[in-house]
Amino acid sequence: MKTGNRLRLAIQKSGRLTDKSLALFLKCGLDFDLRKDRLINECKDFPIDLMLVRDDDIPEYIADGVCHLGIVGENVVREKYFDQPKKSPDQNTEVITVARKMGFGTCRLSIAVPETRTYTGVRDLQGLRIATSYPACLGKFLSDHGVEAKIVELNGSVEIAPNLQIADAICDLVSTGGTLRSNGLKEVQKIFESQALLIRSTQNFTPELNTAFDRLMQRVNGVIHASESKYIMMNAPASAIEKIRQIIPGMEEPSIIPLGSSGERVAIHAVARETVFWETIESLKSVGASSILVLPIEKVIA
Ligand code: PRT
Ligand code: ZN
């Protein structure tokens, strides 16, 4: 690959992961001056170029050295790479590795059967015809569990296969479960949970590219940590500090500022590293906290 000292990152051209990937880069300060009719889009002030492609091709582009990095669903990386039977038994070196989980594009790969069918466990799949676009993932799951079933490979609309009587069950991505329900199917067996991953090649990294990658990761990590974190401020009785520590999820060492001269009430400022739910706020109020403010954080740099 001849990309000089510029990283090449592949993302889905048009689909469920596109907008969230682009929004993340924008927050990282990467301006790609994007034109969707162009295969390669250069970033003006960072040594990185964006390649817009079909998500299914991303693992292969990375394995073949066409790109250094990619954002793709774990389901796709498993199907196209990790769950593929190894070409030779001594092929131990992985050429693709996961740099980080992105926290969006969440779904699960599951087996579903018609609502009327009873399912008590994996053994009930023995001898069934299972339709899927994920033959490698399903094949690995079945062989890991010592089950023999016929895999019917379909490229789309897998959920109609049982009604067409070409399969007894299906294996497909599920998010809300609405598609299964509207086709008279029920989810009975989760194979794995999936989300978008930032994957990278383990090869083709010059020292300059490694430096650019580290800078990129610092920005990506900062943006993702910030989106998961909130800055919380409240007033509370000093006697409630310990209880408040236990209520706030993932709280780091809070700042505690005395209010007035009696020392009975304090202002507490803290960063919560996990989602702050309404229930959390209600619990804080119940131990005497008031004037509670929950603020978004733009960047967190460790
Ligand atoms: O054109 P290209 O090949 O690039 O795109 P694509 O059509 O293959 O992919 P796309 O855009 O549909 O999905 C991209 C990625 O989003 C997937 O690889 C998953 O990692 C992730 N994702 C998250 C999903 C879903 N949720 C999802 N619900 N991908 C597909 N679905 C489909 C699923 O296949 C089923 O048909 O939605 C239906 C189920 O949804 P519910 O909500 O009814 O359960
Ligand atoms: Zn695809």
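The values are calculated or read from the model by the stated rules, or taken from the named source; none is laboratory data. Here the structure is a predicted model, which is why all the values come from computation and not from measurement. Methodologically, a virtual Cβ is constructed for each residue, glycine included, from the backbone with ideal geometry; neighbour enumeration extends over all protein chains shown. Each accessible area value is taken on the protein alone, full model and side chains, heavy atoms only, with ligands, DNA and RNA left out. Shrake-Rupley method; radii C 1.70, N 1.55, O 1.52, S 1.80 Å.
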How large is ³J(HN,Hα) for each residue in the stretch 166-178, as worked out from phi by the Karplus curve 6.51 cos²θ - 1.76 cosθ + 1.60 (θ = phi - 60°), to whole Hz, x for Gly and Pro? 9, 8, 9, 8, 10, 10, 8, 6, 10, 10, 7, x, x
Using the Cβ atoms and a cut-off under 10 Å, what net charge is assigned to the surroundings of P114, where Lys and Arg are +1 and Asp and Glu are -1? 0
Would you please state the base-10 log of I(q)/I(0) at q = 0.17, 0.21 1/Å for the stretch 229-296, with intensities from the Debye formula using one equal scatterer on every alpha carbon? -0.51, -0.78
For the chain, the percent of accessible surface on carbon and sulfur atoms (probe 1.4 angstrom, ligands and nucleic acids excluded) is 49
Select from Q12, Q189, Q165 the residue whose mean-square fluctuation is largest in a Gaussian network model of the chain (Cα-Cα springs shorter than 10 Å). Q165
Using the Cα centre of the chain as the reference point, and only Cβ charges (+1 on K/R, -1 on D/E), how large is the resulting charge dipole? Debye, rounded to the nearest 20. 220
Relative contact order of the stretch 229-296: what whole-number percent is it, with Cα pairs under 8 angstrom and at least 6 residues apart? 51
State, as an integer percentage, the relative contact order of the chain based on alpha-carbon contacts under 8 Å between residues 6 or more apart. 18
Per residue, how much accessible surface does the chain expose to a 1.4 Å probe? Answer in Å², no decimals. 54
Where a ≥ b ≥ c are root eigenvalues of the Cα gyration tensor, a/c under 1.5 meaning rounded, otherwise prolate if a/b exceeds b/c and oblate otherwise, the chain counts as oblate
How far apart, in nanometres, would the label points at R38 and A99 be if each is projected 7 angstrom from Cα along the Cα-to-Cβ direction? 2.1
Between E274 and F205, what is the label-point separation in nm under the 7 Å Cα-to-beta-carbon projection? 3.0
Count charges around T179 for me, please; just the other residues with Cβ under 11 Å from its Cβ, Lys/Arg as +1, Asp/Glu as -1. -2
Simple label model, 7 Å out from Cα along Cβ direction - R245 to E298, nm: 3.2
Spatially proximal aspartates and glutamates relative to K299 (Cα-Cα < 13 Å; intrachain offsets below 8 disregarded): E228
Please give me the summed charge of the neighbours of L154: other residues whose Cβ is under 12 Å from its Cβ, Lys and Arg +1, Asp and Glu -1. -2
Take peptides 34-44, 175-185, 190-200 and line them up by average Cβ neighbours within 10 Å, highest first, as a rough protection proxy. 190-200, 175-185, 34-44
Full extension from A238 to S175: what is 0.36 nm times the residue separation minus their Cα-Cα distance, to one decimal in nm? 18.2 nm
Filtered hits (lysines, Cα-Cα < 23 Å from K13, offset >= 8 within chain) -> K2, K27, K36, K44, K80, K101
Lysines near K150 by alpha-carbon distance under 18 Å, same-chain residues fewer than 8 away left out - which ones? K140
